[in-house]
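Read through the structure below, which is laid out as structure tokens, and then see the notes.
The values are calculated or read from the model by the stated rules, or taken from the named source; none is laboratory data. Model, not experiment: these values are computed from the prediction. Quick reminder, even Gly has a Cβ in these numbers, built from the backbone with ideal geometry, and neighbours come from all protein chains shown.
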Ligand code: GLA
């Protein structure tokens, strides 16, 4: 689900959403089946871990070989555009024009399709007028500032379940990861938060209290266990009625859920827009996020507040004012070079807004998940440190290669990320090299030169381009863990394709 977490708000106000599962409403009749792909198609997904069966609607309009439409699931809606040849079709999302979002075939009056590259489904024509029921609109609160909670003076560090495990997260995994955070040295290197992402949710009890599903038999006991290891526990919800994976969100239960999270001993909340995009406009993002910020504050427990709305509505300009400690600035990261670089390069306009207590979040780390080379993962780690990004490992901490361990546990690079000045670097491009400079609290600078090209090349770092207060006193290569010398005001080294030269340079 995370690979298509972006919500399209084009028809937000009129958007519809199912939260009571298969509910049938009779309105306008749309389907025109028998005339190709046009019409409304419905399919039931795999049952959720809380026992509910999700339904989705695919609305298609075919005009010759042109195909347009939308997919509405419990958690999000996506506008689609593509083509049909014979019985075969492919549809692209608005945010990825390279890889189809949905592909399929019309077979005997049914759609046999694949969404997101791996979820397959068979859709039937919807009954006349069948669609998801409208969720009643709840007016967001008037805008006011929520005070900062005093947490996250440096970017949060920890682990999150989503990137590798998606729905395969449970109590045992979280305990095992907590154990591994200690035995691997991750905790002692600063990775403190163990964060459960989507799919932990059950259903609400008669009083409206959210219950965990059977994968998490006792959330309070789990928090106690994680705390006993010197770690902190994070959880996930949405301001919408449903999370991106279709589980119950906090819509209509914001204060109640904040109190529940506090009573369990939760230390970190990731709050993901998802189906809120089917109800609210982007102009309502701020009060909607403020509501949870204020609710967390009212619990009296200090809880790191992580906004996840993919950078909509220039979140960097107001995120701190709703009490948030970090906010996602991009769509979901994928475990490949193009996605990783695209997420970090999108940070340029957000740079002025990073600082102690409030950070831009280009998404969690993919280091160790197998989709990039070790050089690329070193670049990933270096760039996240240079832009003062949260360092949330997204791999299997129980089972790390020596290279992954060395990357995530590089204390000299972690120190760049955790520098108390909290500056966020921006890139300067020169041919295939991209240079990122971060000013540090002690007056030194960290400089990273990334080779974007297809082959190795010589990179030169020139001292007088670093903004230092004097000539170079010392310089250190933070990946080789060795001091290097500037000669005649510059330093040159070979940088392999997609690798990085990362130096810390101190002035006299
Ligand atoms: C969205 C978020 C991801 C993850 C998933 C869970 O896609 O951006 O980081 O939390 O939802 O469903």
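Considering each of 441, 406, 393, 388 in turn, give the residue that is outside the structural domain of residue 330 (by TED's automatic domain parsing) and at pLDDT 95 or above.
Answer to the check: 441.
In segment 188-201, of all residues being at negative phi and either more than 16 Å from the ligand (Cβ to nearest atom) or more than 23 Å from the chain's Cα centre (by Cα) (or both), the one that is surrounded by the fewest Cβ atoms within 10 Å (Cβ to Cβ) corresponds to 188. Within segment 460-471, one or more residues are in a helix (DSSP H, G or I) and surrounded by fewer than 18 Cβ atoms within 10 Å (Cβ to Cβ).
Can you find a residue in segment 480-487 that is buried (at least 20 other Cβ atoms within 10 Å of the Cβ) and modelled with pLDDT of 95 or more? No, because not a single residue in segment 480-487 is buried (at least 20 other Cβ atoms within 10 Å of the Cβ) and modelled with pLDDT of 95 or more. Among the conditions (1) assigned to a helix (DSSP H, G or I); (2) buried (at least 17 other Cβ atoms within 10 Å of the Cβ), the only one that residue 434 does not satisfy is (1). Between 428, 416, 450, the distinction of being modelled with pLDDT of 95 or more and part of a helix (DSSP H, G or I) belongs to 416 only. Looking at segment 419-426, is at least one residue buried (at least 20 other Cβ atoms within 10 Å of the Cβ) and touching a helix residue (DSSP H, G or I) at 6+ places or on another chain (Cβ under 7 Å)? Yes: segment 419-426 contains one or more residues that are buried (at least 20 other Cβ atoms within 10 Å of the Cβ) and touching a helix residue (DSSP H, G or I) at 6+ places or on another chain (Cβ under 7 Å).
Residues in segment 352-391 that are more than 16 Å from the chain's Cα centre (by Cα) and more than 25 Å from residue 305 (Cα to Cα): 368, 370, 371, 372, 373, 374, 375, 376, 377, 378, 379.
Which residue, of 215, 220, is within 16 Å of the ligand (Cβ to nearest atom) and either in contact with a helix residue (DSSP H, G or I) (Cβ under 9 Å, 6 or more places away or on another chain) or within 21 Å of residue 145 (Cβ to Cβ) (or both)? Walk me through how you get there before you give the answer.
Details: 220 fails: within 16 Å of the ligand (Cβ to nearest atom).
Exactly one residue qualifies, and that residue is 215.
Residue pairs whose Cβ atoms lie under 7 Å apart, sitting 6 or more positions apart in sequence or on different chains, and linking a residue in segment 152-171 that is assigned by TED's automatic domain parsing to the domain that holds residue 244 and within 13 Å of the ligand (Cβ to nearest atom) to a partner that is modelled with pLDDT under 95 and in a helix (DSSP H, G or I), are 162/2; 166/2.
Of 9, 60, 48, all but one fail to be at pLDDT 90 or above, out of contact with any strand residue (DSSP E or B) (no Cβ under 8 Å at 6 or more places or on another chain) and surrounded by 20 or more Cβ atoms within 10 Å (Cβ to Cβ); the exception is 48.
Yes or no, residue by residue, for (1) touching a strand residue (DSSP E or B) at 6+ places or on another chain (Cβ under 6 Å); (2) free of Cβ contacts under 8 Å to residues at least 60 places away in the same chain; (3) assigned to a loop (DSSP other than H, G, I, E, B); (4) more than 15 Å from the ligand (Cβ to nearest atom):
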{"position": "359", "(1), (2), (3), (4)": "yes, no, no, yes"}
{"position": "365", "(1), (2), (3), (4)": "yes, no, yes, no"}
{"position": "370", "(1), (2), (3), (4)": "no, yes, yes, yes"}
{"position": "379", "(1), (2), (3), (4)": "yes, no, no, yes"}
{"position": "392", "(1), (2), (3), (4)": "yes, no, no, no"}
{"position": "396", "(1), (2), (3), (4)": "no, no, yes, yes"}
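Filtering segment 132-162 to residues that are surrounded by fewer than 14 Cβ atoms within 10 Å (Cβ to Cβ) and touching a helix residue (DSSP H, G or I) at 6+ places or on another chain (Cβ under 6 Å) leaves 141, 143, 145.
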